[in-house]
1. I'd like the distance separating the alpha-carbon centroids of segment 213-233 and segment 300-333, in whole Å.
2. So which helices of the chain fit the span-like rule, where a helix is a whole DSSP H run, its Cα atoms reach 30 Å or more along the axis, and its mean Kyte-Doolittle is at least -1.0?
3. Would you kindly calculate the translational diffusion coefficient of segment 361-450, applying Stokes-Einstein with the Kirkwood radius from alpha carbon pairs, for 37 °C and a viscosity of 0.692 mPa s, and quote it in µm² s⁻¹ without decimals?
4. Report the extension gain between LYS213 and ILE5 in nm, rounded to one decimal, defined as 0.36 nm multiplied by the number of residues separating them, less their alpha carbon distance.
5. Classify segment 461-507 as rounded, prolate or oblate, taking a ≥ b ≥ c as the square roots of the eigenvalues of its Cα gyration tensor: rounded when a/c is under 1.5, otherwise prolate if a/b is larger than b/c and oblate if not.
6. Hand me the GluC sites (Glu not before Pro) from segment 323-400 located in a DSSP loop with no more than 16 other Cβ atoms within 10 Å, in residue order please.
7. Between LEU60 and ASN179, what is the spin-label point distance in nm, taking each point 7 Å from the Cα along the Cα→C-beta axis?
8. Taking the highest mean first, how do the peptides 494-502, 146-154, 206-214 order by number of other beta carbon atoms within 10 angstrom per residue?
Amino acid sequence: MKLNIQNTFTEELPSDLIKENTRRQVKKACFSYVSPKKTSNPSLIHVSEDVLHKIGLTALDSSSKDFLSVFSGNNVYKNTTPYAMCYGGHQFGNWAGQLGDGRAINLFEVLHQKNRWAIQLKGAGKTPYSRTADGLAVLRSSIREYLCSEAMFHLGIPTTRALSLCLSGDQVLRDILYNGNPAYEQGAIVTRVAQSFIRFGNFEILASQGDIKTLQLLTDYTIKHFFPTITEKGKGAYVDFFKQVTQLSLEMVTHWQRVGFVHGVMNTDNMSILGLTIDYGPYGWLEDYDPGWTPNTTDRQHKRYRFGNQPKVVQWNLFKLANALYPLIEEAEPLETILEEYSSNVEIRKLEMIRSKLGLFELDEDDFSLIEDLENNMQLIEIDYIIFYRILSQINSSNTSTLVKVLLEAFYNPNELINEVEEKWQNWLNKYIERLQKEKNSDIERKEKMNTINPKYVLRNYMAQLAIEDAEKGDYELLNEFHTMLQQPYAEQPEYQKWFAKRPNWARNKVGCSMLSCSS
Ligand code: AMP
Ligand code: MG
């Protein structure tokens, strides 16, 4: 196995001077050196070929002993110095102080075809940032991260990637529901890959410590490597940097709303500075359309991170990032202007995004009210977010007497589509078909376009759970199947038709399906 290894993060940024792996508050540093924990009996469950090729490896490499020992943490290459990043964060609206990579260990960076990739093991043991926890991850949460991050990539959504999934061979104790019933589960390690894993929280921790020197080093480093279009120097560069992070974050969250992804823990330590979806914990996928839904039981009371609130939370998080960058700029106004622009841009992008989901590509002033009516209707009785938009593309625009029954498949309880509910839906459909007359695309063209925007297959909550239950018994067939299927989420793939289906009833209130905690 030959990798073109280069380490810019550790070479260009200050390290923690203490080398022992003890829990501590780290100052004047961006990271601490730490080695992964040795695993007792690692085995490889899955490899993402696409990611393998991105870092310059082949399928043959992935079946080597070397691959398994490096990506399970058992072998550290001689010329590399694994490390955990130091970051802080606002969790559920409150400053939480130092957090850091408590169970992620960065191995090295790989340069391949002019692209730089940071390679990180998640679940590879304690670090100086582990606080009271064990630094490990269990199979269930690792499968969720592994499958979902790859699914997001293939949906065209900026995300960290997953190279491989291993069992460590060790047992890990977890209390899934935090209700005093801990049990042993199989330990696992996901190798994550991204241009960088730097988060908003990396900047926040330095600002909170008043360490402006290191804050500036980290910001300069981030701009130099990841924001090549910023050519200005000094304050102007930092303002431009904040603006670009704002744009990237807006793009990310607009994509989430498009496909019905609910992150679940949008704390500032889980916000990538590159606008990547990062840290797949208690995330979920909208099944019936409900803007108030969150899969995260820890957030059950306030639902801060509910689906409909995600764009606002991004803005709140950006505000915290702006505060952290302020010492480099010393002027609030340009930052405030960017944050204000976000408020209007979020509405503009939402409108554009939903119009595209509806196959509306010509401009029409009435679209706003068409969308408003739709969103209201979608909350009258349960309707599946994915199925609705996918079958909507089949509407015949010349048949003005189409009955709303053509959408029946999308409703969870089709027999509730009666009386006023039916009337409201019928009115909406009539308006929609009338609106389609203004489009230049033919029905076939519109359908083709819509089907590149509205996915057919996503990792529904119960599907991940089914793959997990099988995997826990040593059967990885479903995991393989989903990994393959989710590489083409917009394609018809009739062989997988059975996964284009509403959530089954048994999954409605099941742990792991609609209820998840952070106990990963
Ligand atoms: P999260 O909200 O899951 O992204 O995690 C918040 C913080 O807790 C981060 O600093 C994580 O590194 C840390 N953390 C989560 N799980 C563990 C674990 N099992 N061991 C050590 N640290 C953890
Ligand atoms: Mg995190």
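1. Between the Cα centres of segment 213-233 and segment 300-333 lies a distance of 21 Å.
2. For the chain, where a helix must reach 30 Å along its axis and average at least -1.0, the hits are 235-259, 333-357.
3. Working: Rh = 13.6 Å.
The diffusion coefficient I find is 242 µm²/s.
4. Details: separation 208, 0.36 × 208 = 74.88 nm, distance 2.80 nm.
Once the chain is fully extended between LYS213 and ILE5, it gains 72.1 nm.
5. Oblate, because a/c is 1.5 or more while a/b does not exceed b/c.
6. Numbers: sites: GLU330, GLU331, GLU336, GLU340, GLU341, GLU347, GLU352, GLU362, GLU365, GLU372, GLU375, GLU382; in loops: GLU330, GLU331, GLU362, GLU365, GLU382.
In loop regions of segment 323-400 (DSSP not H, G, I, E or B), the sparsely surrounded GluC sites (Glu not before Pro) are GLU330, GLU331, GLU362, GLU365.
7. 5.3
8. On the way: 494-502: 13.6, 146-154: 24.2, 206-214: 16.8.
For the peptides 494-502, 146-154, 206-214, the packing ranking is 146-154, 206-214, 494-502.
Bear in mind that the values in this text are calculations on the coordinates, not laboratory data. Since we're looking at a predicted model, the values are computed, not measured. Cβ sites come from the backbone with ideal geometry, for glycine too, and all protein chains shown count toward neighbours.
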